[in-house]
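To start, the structure itself, in structure tokens.
The values are calculated or read from the model by the stated rules, or taken from the named source; none is laboratory data. Remember, it's a predicted structure, so these values are computed and weren't measured experimentally. FYI the Cβ positions are ideal-geometry reconstructions off the backbone, even for glycines, and counts take in every protein chain you see.
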Amino acid sequence: MLEDGFGRETTGVRISLTDRCNFDCVYCHNEGLGDTRGPMEPADAEMSTDDVVRFLEVADEFDIEKAKFTGGEPLLREDLEEIVRRTPDGIDTSVTTNGTFLPERAEGLVEAGLERVNVSQDALSPEAFQEVTKSTAYDEVMAGIDAALGAGLDPVKLNMVVFEHTAGYVPEMVDHVAENEGLQLQLIEYMPELAGRPEWAVDIDRVHGWLEEQADRVERREMHGRRRYFVGEDDPDLPGGMVEIVDPVGNADFCANCHRVRVTHEGYLKGCLNRNDDLKSMGEMTKPEIRETFRETVDERVPYYGEYMIKDDDGEWVFNEKYLETEHLEA
């Protein structure tokens, strides 16, 4: 297993299979790349099935334990089942999706070996959902969640980005997962450094504080040091549910516990979601090229907050000059 210079082992990879998407969510940053989305038809630059599988085989050599397939909307890839099926046995597979294609494909994905699914769901009414996603596919998403549960992808984790438009829906979403068996909720802090519109950000610490008051118990997860809140467990009439907060903004503890390398849909490796100055091409994606690029990417990984960004005398986050100097010299 590869380890970076800050003692962080690399245990997972997050692979974007496409930047195409049938939604137009107002907070989208496309895995940190910005709004690169073009036509819905497959692009020549997307990694092929064999490219993705070859990468996964190299990842397996480096003892990677988990692979998450993302996009864009990864189910726009008709070969997703094949990719999952051909993933080495030692790597657990999961997918993050908007859920609209799960009614037709959940069972096939499970048969191929998919183990977990995250479904984006920011609201529990069609009107509020459309405001955020610019899509009228609310019913399809709900059907997709049911299909995932029916296919055995239990629990289904619902991804909700918390920002000005959605913060008021958090209580009902928490109740929703407490009242419905097989669901978990992942509250994701809005990232203005990637998506812009800093006025949309909300104080995530207030969400933590509110959840702590509601929870029957709280745990701290090793990955990113995330806190998990268990709700409804003490009510004999409810199945209970788990709520987890992903709060990376200005959070050095989060970065210090990051163990993931990312792959763009065009076959570049990146060591940090927040950076695009560290993109490394895997060339023609031969195994020797993939191995070399993977090693270089891990070697050059640094925590974004706490190293690439540091606090000045006023407590404000500023760029670490030693990395700016490196970029300047390379330019």
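Before moving on, here are some points about what is shown:
- Of all residue pairs spaced 6 or more apart or on separate chains, those with beta-carbon atoms under 7 Å, a first member in region 311-331 that is under 15 Å from Asp277 (Cβ atoms) and a second member that is at pLDDT 50 or above and among the hydroxyl-bearing types (Ser, Thr, Tyr) are Asn320/Tyr308; Tyr323/Tyr308.
- Here is the figure for region 232-269: residues that are of a type in the set (A, V, I, L, M) and over 18 Å from Gly5 (Cβ atoms) total 7.
- Neighbours by Cβ (under 7 Å, 6+ apart or cross-chain): first from region 69-92, without any contact (Cβ under 8 Å) to a residue 12 or more places away in the chain; second surrounded by fewer than 22 Cβ atoms within 10 Å (Cβ to Cβ) and of a type outside the set (D, E, K, R): none
- Residue check, Ala201 aliphatic (A, V, I, L, M), surrounded by fewer than 19 Cβ atoms within 10 Å (Cβ to Cβ) and either in contact with a Cys (Cβ under 9 Å, 6 or more places away or on another chain) or at pLDDT below 90 (or both): yes
- So Glu127, is it closer than 30 Å to Met1 by Cα, surrounded by fewer than 16 Cβ atoms within 10 Å (Cβ to Cβ) and over 18 Å from the mean Cα position of the chain (by Cα): no
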